[in-house]
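**Q** Provided herewith is a single structure, encoded as structure tokens, for subsequent inquiry.
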Amino acid sequence: MKLNDKLKTLPRCPGVYFHKDKTGEIIYVGKAAVLKNRVRQYFQKTKNIDIKTKALVAEIADTDWVETESEIDALFLEAEMVKRYMPRFNILLRDDKSSTYIRIDMK
């Protein structure tokens, strides 16, 4: 399935997405509250896109995703997948020495 056709099938639920290069290597892992909205943002024509994102988008040949029950589940799954696959465009979460944590405001 071509990437443009695949993007049309993105669900409106939380999850984790995997951008892959032409060899099938995962080059970026991200999370989304709404997969359809977040993943499609990468492919919209806009002038306000940073250099890193431009470089990433230029290399994306395929995208896959995993739906989750909640945005919190997506957060934890993203951290786990980044540690597992070590994608080169995920710079901040690759360090296996740091833990993912959540602050819950009781208000």
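The values are calculated or read from the model by the stated rules, or taken from the named source; none is laboratory data. A quick note: this is a predicted structure, and the numbers were derived from the prediction, not measured. Here the Cβ is made from the backbone with ideal geometry for all residues, glycine too, and neighbour counts use every protein chain on show. Surface accessibility is based on the protein's heavy atoms, side chains included, excluding ligands, DNA and RNA. Shrake-Rupley method; radii C 1.70, N 1.55, O 1.52, S 1.80 Å.
**Q** Quickly work out the T9-to-R88 label distance, labels modelled 7 Å from Cα along the C-beta direction, and quote it in nm with one decimal.
**A** Distance between label points: 2.8 nm.
**Q** Still on this structure, I have one more. Kindly flag which residue pairs out of K83/K107; K20/K83; K47/K83; K45/K83; K2/K47; K2/K52 have an alpha-carbon separation exceeding 22 Å in this structure.
**A** In this structure, K83/K107; K47/K83; K45/K83; K2/K47; K2/K52 lie more than 22 Å apart at Cα.
**Q** If Lys and Arg each add +1 and Asp and Glu each add -1, what is the summed charge of the other residues whose beta carbon sits under 15 Å from the beta carbon of L77?
**A** -3
**Q** Once you have the Cα-Cα distance between K45 and A58, take 0.36 nm times their residue separation minus that, and quote the gain in nm to one decimal.
**A** Additional length available on full extension: 3.4 nm.
**Q** Heavy-atom accessible area per residue, the chain, 1.4 Å probe: how many Å²?
**A** Averaged over the residues of the chain, the accessible area is 70 Å².
**Q** Given points 7 Å out from each Cα along the Cα-Cβ axis, report the K22 to V34 separation in nanometres with one decimal.
**A** 3.4
**Q** Charges at C-beta only: +1 for Lys and Arg, -1 for Asp and Glu. How large is the resulting dipole of the chain about its Cα centre, in Debye rounded to 20?
**A** My answer is approximately 480 debye.
**Q** Hey, any idea what % of the stretch 6-60's accessible area is carbon plus sulfur with a 1.4 Å probe?
**A** 49
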